[in-house]
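What follows is a single structure, written as structure tokens, with notes after it.
The values are calculated or read from the model by the stated rules, or taken from the named source; none is laboratory data. These numbers were taken from a predicted model, which means no experiment stands behind them. We place every Cβ from the backbone using ideal geometry, glycine too, and count neighbours over all the protein chains shown.
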Amino acid sequence: MKYFRTGKSTHQNDIKCLKCASFEHCIYECKSLKETCVNCGGPHRCTSELCDKLNEITFLKNEYTINVMIGEGLIKSKYEILKTPRPVPKSLINNLNPNDSDLVLEKIDVFINKRFEEKIEEFNLKINSLDERITTNFNKISGLEELVIANNSKISSLDQRISSINTKIGNLENTVCEVSTKICNLGNLVSANTSDIKQITKDLGKTHEKLDLVSDNQLNELPPKPNFEGTKILKISSINSAGLENNYEYINSLIREHAIVCIQETWAETYMKIKNSIFISEKNVYSKNATRSSHLGRPSGGLAFIIDQNLNTKCSFLNDRIGILKINKLVVYNVVVLGDFNTDLSRKGKRTNDFNNFLNKNNFKLADLEQKQIIDFTFQRADQRSWIDHVLCEKNNINVRNVLVKLSPINLSDHNSLSLEYDLKISKAHKPITSLPKKSKIIVNWDNIEFKRAYQERIKKEVLKLESESEFLLNEKSPQKIKTLSTKLLNEICSILINATTTTSNEYQQKLNRKKRIGEPKYKKWWDDSFRRYTKN
């Protein structure tokens, strides 16, 4: 009989695992590979027929039936009713006839042959599955070879087209030269007839003034048109990094190619962890630190915006998972929402319903689904794929275009990145930032012993943290990874030196600017603690 709590007929003792006989957990939480009987302590489960105590209970409950079967000659001993073969006691072996021993050997042969056939069937199934996999992989390889051959033919045709385009460009250059000569001739004609042109311009000016008066009287109620200087194409990217420090190589490639990169799940608890993971210069970094619910494991959440320094932007964060970025006050009218929404529209559920209601309420569309994609998933874990990262914008928004799902071999996250182009209208009222604000001058006094000591102590504390990274760099053999790791290490060393210099300088400057209290003795710079102790003695 099975008992969930203890494996015994009574429930007076504490809870035990039916697999390993431990008091710490039940069988559904057991991870042990060793089996221990709860009843007799043997190397088997308490429900197995190898347990002598369980067999005794079975024999007692079926004693009458066993005696009848032995009396009728159906079985030789009570152990024959068990499914698991059991060793026959010595008392019964002595009473066996030679014919009975032959029967026992025959039964043993039958049992061994049966088990052997079962094992052979299992191995045959595994071999068949391996054969199927090998054939499928062979077919895939052959298909790839065909694609490579087709691509080679396409490349050759492209080379021919490029050569023909080059010849056409040469012809265009010749025609441009001819047009330029004609323009020069026209300029000479215009200069000869300047008096006529001046008279025509005066007449046109008078007509324009009259038209302006008419338009002012008729169109006073129309709103003024916005004053734009032109448009600029912004390349924007979004990715769930699954740890910025783990995926810094791919993140830096996105930062290099895009003006704005929106990063979710940075798992970074400090601003410096994000700053040290970015190697691209002339970028502004806005971040929200990740939160930690327990001292065990990794933190969760965390956001970061990596933006070109020439963009006029403002950033604010609602929490560690939602951030708002304003570019030329576009957040009010032209809203673009990017990120990981943790729901796939192809699957029914509460989250999908809430997401659809959010889209309908705000008149949003999914720009990534409206465009044809080569990659039809944004999240992949093992064999599971889903489309949970999206780009949302208003239905009448025509500025968002070329939304693509990108798959990269250097991306170590389980999410693919999203890339898009945005036609940003450049306003005269909100010009881009062309010059950086002036930084305060850092005062460094290397002749001061206290300044040197404070600087050295700060450097020692920070350099000790880089020992693990330097060891990892020494053990690395890949040239590409050595390049990226050395760049990261050099950036961290530079930031350590800069931060130590600025903090020590600020501390030194604060001491210099400190006002002396009334009655406080004045000392010269050379009058330090050693001289004071000497004079006291």
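Could you tell me whether R5 is under 50 Å from the mean Cα position of the chain (by Cα), modelled with pLDDT under 85, in a loop (DSSP other than H, G, I, E, B) and not assigned by TED's automatic domain parsing to the domain that holds D102?
Answer is yes for this residue.
Would you point out the residue of region 392-438, among those that are within 13 Å of L311 (Cα to Cα) and part of a strand (DSSP E or B), that is modelled with the lowest pLDDT?
In this case the residue turns out to be S427.
Being among the aliphatic types (A, V, I, L, M) and at pLDDT below 85 is the filter; apply it to region 269-310 and report the residue that is surrounded by the most Cβ atoms within 10 Å (Cβ to Cβ).
Restricting to residues being among the aliphatic types (A, V, I, L, M) and at pLDDT below 85, the top hit is I278.
Scan region 377-409 for residues that are crowded, with 19+ Cβ neighbours inside 10 Å and without any contact (Cβ under 8 Å) to a residue 12 or more places away in the chain and jot them down.
Those that are crowded, with 19+ Cβ neighbours inside 10 Å and without any contact (Cβ under 8 Å) to a residue 12 or more places away in the chain: none in region 377-409.
Looking at V285, is it within 21 Å of C494 (Cα to Cα), assigned to a strand (DSSP E or B), in contact with a helix residue (DSSP H, G or I) (Cβ under 9 Å, 6 or more places away or on another chain) and not charged (D, E, K, R)?
yes
Identify, from the list D308, D320, the residue that is among the acidic types (D, E) and under 29 Å from S386 (Cα atoms).
From the options D308, D320, the qualifying one is D320.
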